[in-house]
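The structure under discussion appears below in the form of structure tokens.
Coordinate-derived values only; no laboratory data. Just so you know, these numbers come straight off a predicted model, no measurement behind them. A quick note on method: Cβ atoms are made from the backbone with ideal geometry, for glycine too, and the neighbour counts reach across all protein chains shown.
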Amino acid sequence: MGTYETKFWNVDEHHIDHSNEYILEAASLLKKQEVVAFPTETVYGLGADATSETAVERIFAAKGRPADNPLIVHLANKEQIKEVVEEIPDLAHPLIERFLPGPLTLIFKSNGSCARNVTAGLPTVAVRIPDHPVAKALLEACELPLAAPSANRSGRPSPTSAQHVYKDLYGRVAGIVDGGATGVGLESTVLDCTGEVPVILRPGGVTKQDLEAVIGDVEVDSALDNDQSQPKSPGMKYTHYAPEAPLWLIEGNLSFFQHQIDEQQRNGKRVGVIASEEHASSLSADQVQTCGSMQDLRQVAEQLYHSLRVFDPEKIDVILCETFPKEGMGEAVMNRLSKAATQKISQP
Ligand code: TXA
Ligand code: MG
């Protein structure tokens, strides 16, 4: 790896379609089984021809992703879903109507038309129709289903700008389409539709409440509920969404938070802080990054991955981040933060 002279195309997301010259150039690379990063409404994706095992293998190689983690298949429109799944169960139709295109990934039984390494050998396939003009133009231009994980090195925070992709994947991919910052900021909700009742496997851009308003009861994968409140031993490292410095979640009032900062600084550490705009100005540390408002968790979601990456070029030894209510988008925000954190410190 590290052998590509990565192409970088700057496109205007407001004036784009499948005949744009840069989109055509990116599409022609995709047709030659190369991998290209592109913006979606959630995060940047790293796309490759989902029907080609060789192309998909290049995604895993570029990201350093474990081969047993399946990829989402991105489609240009609803009609294409039929081309990759065995059948669309009845319960999914209202979801497709209401939420697609959009930040919802649906899991169906696969019809086997995608390459085996896309689904990691599973009998199911995850499909998504991104709601972003650049993603749409590229999908239309290449006329392929595109397997596309988030366009970060495995274990790093997902990219919400082309610069994030550049930092992680320059030299490892054929091209990057820069269509500006993404909107939602966290990945799509992954919903398993293969059983009687749909199950959320990953919270994301469409909340549980949004889904239940359309189809009634939705379950949440029990693995998502495991209690994170037990302090974990420092050094026990998750390999997801992680910034370069260790991230600690701080649950407690502002004076408890400040006490944690002071204690680390007394130990000679340079401390970074991620906090809501309501609380950031009350906290004193080596560097404080605001991350949206407690009153609007969609803002927090939008800014979260950028906030996690802000400290990478700085000499920061530890990042302390406040916790957010697990309501609405807060569910997805806390899911990502819990995975990124090496420990959580709660006020007794
Ligand atoms: O918003 C998004 O979903 C972004 C953009 C680029 O579309 N993509 C994304 O892909 O987040 P990735 O690979 O980072 O996450 C895909 C998730 C993983 O948690 C994977 O395990 C799950 O979807 N997944 C994919 N196929 C699956 C399947 N057949 N069964 C269960 N889970 C699946
Ligand atoms: Mg990812």
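Return the sequence-ordered ³J(HN,Hα) values of segment 132-146 in whole Hz as given by the Karplus equation 6.51 cos²θ - 1.76 cosθ + 1.60 applied to θ = phi - 60°, using x for Gly and Pro.
8, x, 6, 4, 5, 4, 5, 4, 5, 5, 8, 6, 9, x, 10
If each DSSP helix of 4+ residues adds -39,500 (n - 2.57) and the sum is divided by the residues in the chain, what number results at 222 nm, nearest 500 deg cm²/dmol?
Values: 11 runs with 101 residues, N = 348.
Estimated from H runs of four or more residues: -8500 deg cm²/dmol.
Give the dimensionless ratio obtained when the Cα radius of gyration of the chain is divided by 2.2 N^0.38 Å.
On the way: Rg = 20.2 Å, N = 348, 2.2 N^0.38 = 20.3 Å.
The reported ratio for this selection is 0.99.
Tell me, rounded to the nearest percent, the portion of alpha carbon pairs in segment 247-346 spaced more than 23 Å apart. Please list the in-between numbers first.
Working: 767 of 4950 pairs.
Percentage above 23 Å: 15.
Per residue of segment 55-70, in order, report the coupling 6.51 cos²θ - 1.76 cosθ + 1.60 (Karplus, θ = phi - 60°) as ³J(HN,Hα) in whole Hz, putting x for Gly and Pro.
With coefficients 6.51, -1.76 and 1.60, one gets 5, 5, 4, 5, 5, 4, 5, 5, 7, x, 8, x, 5, 8, 9, x Hz.
Please order Met329, Met334 by the number of other Cβ within 10 Å, starting at the fewest.
Details: Met329 28, Met334 20.
In order of increasing Cβ crowding within 10 Å: Met334, Met329.
For Thr6 and Asp221, what is the calculated FRET efficiency with R₀ set at 45 Å and r taken between the beta-carbons, to the nearest 0.05? Please list the in-between numbers first.
Values: r = 36 Å, r/R0 = 0.80.
Computed FRET efficiency for Thr6 and Asp221 comes out at 0.80.
Here are some pairs, Lys31/Lys208; Lys31/Lys109; Lys31/Lys63; Lys167/Lys339; Lys31/Lys339; which of them have Cα atoms lying more than 31 Å apart in this structure?
Details: Lys31/Lys208 37 Å; Lys31/Lys109 26 Å; Lys31/Lys63 20 Å; Lys167/Lys339 21 Å; Lys31/Lys339 35 Å.
From the list (Lys31/Lys208; Lys31/Lys109; Lys31/Lys63; Lys167/Lys339; Lys31/Lys339), the Cα-Cα distance tops 31 Å for Lys31/Lys208; Lys31/Lys339.
Which loop trypsin sites (Lys or Arg not before Pro) in segment 292-331, with loop taken from DSSP, have no more than 13 other Cβ atoms within 10 angstrom of their Cβ?
Values: sites: Arg298, Arg309, Lys315, Lys326; in loops: Lys315, Lys326.
Passing sites in segment 292-331 are Lys315.
When only C-alpha pairs under 8 Å and at least 6 residues apart count, what is the relative contact order of segment 247-346, in percent? Write out the running numbers ahead of the final one.
Values: 161 pairs, mean separation 38.9, N = 100.
Dividing the mean separation by the residue count of segment 247-346 yields 39 percent.
So who's got an amide H within less than 5 Å of the one on Ala174, skipping anything under 5 residues away but keeping other chains? H placed 1.01 Å off N, in plane.
Amide H neighbours of Ala174: Val35.
Enter the angle in degrees (range 0 to 90, nearest 10) between the Cα long axis of helix 254-266 and the first principal axis of the Cα atoms of the chain, meaning the one along which they spread out most.
80
Tell me which residues come under 5 Å, amide H to amide H, from Ser110 once H is placed; ignore anything under 5 positions away on its chain.
Result for Ser110 returns Glu86, Thr124, Val125.
Residues with amide H under 5 Å of Asp286's amide H, sequence separation 5 or more or different chain, H placed in the peptide plane at 1.01 Å from N; which?
Val271
If r is the Cβ-Cβ distance from Glu21 to Ser282 and R0 is 45 Å, what FRET efficiency results, to the nearest 0.05?
Details: r = 50 Å, r/R0 = 1.12.
Once the sixth-power term is evaluated, E becomes 0.35.
Applying the Karplus parametrisation 6.51 cos²θ - 1.76 cosθ + 1.60 with θ = phi - 60° to the phi angles of segment 269-278, what ³J(HN,Hα) value in whole Hz is obtained for each residue in order, glycine and proline being reported as x?
Residue by residue, segment 269-278 yields 8, 8, 10, x, 10, 10, 8, 5, 5, 5 Hz.
In whole Å, how far is the Cα centre of segment 98-126 from that of segment 137-199?
Their Cα centres are 15 Å away from one another.
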